Amino acid sequence: MQKITIKMPKKKRIVLIAHDALKKDMVEWAEFNKDILSSYELYGTGTTCKILKETVGLDVKCFKSGPLGGDQQIGAKIAENEIDAIVFFSDPLDVHPHSSDVSALLRIAVVYNIPIACNRASADFMIASPLMHQEYERLVTDYDNIYQKERTVDKFGINEEKTNRGDQLKDDTNCECSDV
């Protein structure tokens with residue numbers, strides 16, 4: 001698959017998200033890493049954002065709460081190359097009413113090759129990386145180019161690029177049926 005390069009700026013744009021049961025962990029982690037986090041452009045969802053601003057004193061731009069569209073807002077920012085990393089303390093033992101939104105967010109982050117830290121240890125490794133403090137070029141599969149080719153449709157409405165079986169399709173459409 002063809003790849004494109006997306007340049008991440010030296011000052012990374014990081015989203016901080018925590019499910020309710022892990023908001024305390026997020027606050028502790030953010031307090032411990034306040035000096036480092038202050039050097040980034042920070043975003044957060046709903047209550048997590050509010051708590052980090054009020055409790056830790058970080059400058060965090062707020063999206064809506066996850067279940068109210070915040071996860072989708074972040075996904076849109078990722079698609080526009082306006083987010084560089086995600087720290088998401090997700091509660092793996094609880095059922096969430098917006099789990100489909102969370103899945104969509106994580107999927108779009110994978111599509112755009114966005115680093116995702118899902119617990120305190122991975123978040124520590126992420127922000128301790130020297131790559132977080134310099135410009136970085138991430139490789140992303142060029143899905144736009146792939147899907148443009150796949151959307152080429154012949155006069156029968158059959159996607160030629162995707163099927164690659166034109167002769168077989170011709171035979172199938174010209175077949176003669178006989179009674180058995």
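The values are calculated or read from the model by the stated rules, or taken from the named source; none is laboratory data. The model shown is predicted, which means the values in this text are computed figures rather than measured ones. In this analysis, Cβ positions are derived from the backbone assuming ideal geometry, glycine residues included, and neighbour counts consider all displayed protein chains. These accessible areas exclude ligands, DNA and RNA; they are computed on the full protein's heavy atoms, side chains included. Shrake-Rupley method; radii C 1.70, N 1.55, O 1.52, S 1.80 Å.
Of note:
- Meets criteria (part of a helix (DSSP H, G or I), modelled with pLDDT of 90 or more and touching a strand residue (DSSP E or B) at 6+ places or on another chain (Cβ under 7 Å)) for A104: no
- Test result for P67, surrounded by fewer than 17 Cβ atoms within 10 Å (Cβ to Cβ) and assigned to a loop (DSSP other than H, G, I, E, B): no
- Contacts under 8 angstrom Cβ, first residue in the range 71-86 being on the phi < 0 side of the Ramachandran plot, partner open to solvent by 10 Å² or more (accessible area, probe 1.4 Å) and among the acidic types (D, E), 6 or more apart: D71/D101; Q72/D101
- Answer residue from the range 107-156, given it is hydrophobic (A, V, I, L, M, F, W, C) and over 26 Å from L16 (Cβ atoms) and is modelled with the highest pLDDT among those: I146
- All positions within the range 94-127 that are hydrophobic (A, V, I, L, M, F, W, C) and touching a residue at least 40 places away in the same chain (Cβ under 8 Å): A123, M126, I127
- Within the range 85-113, if we keep just the residues that are surrounded by fewer than 15 Cβ atoms within 10 Å (Cβ to Cβ) and among the acidic types (D, E), the residue that is nearest to E135 (Cα to Cα) turns out to be D91.
- When the residues of the range 70-84 are filtered to those that are closer than 20 Å to K50 by Cα and of a type in the set (D, E, K, R), the one that is least open to solvent (accessible area, probe 1.4 Å) is D71.
- The lone exception for E82 - which of (1) among the charged types (D, E, K, R); (2) assigned to a helix (DSSP H, G or I); (3) within 16 Å of the chain's Cα centre (by Cα) it fails: (2)
- Within the range 23-50, restricting attention to residues that are within 16 Å of M126 (Cβ to Cβ) and among the aliphatic types (A, V, I, L, M), the residue that is surrounded by the fewest Cβ atoms within 10 Å (Cβ to Cβ) is I36.
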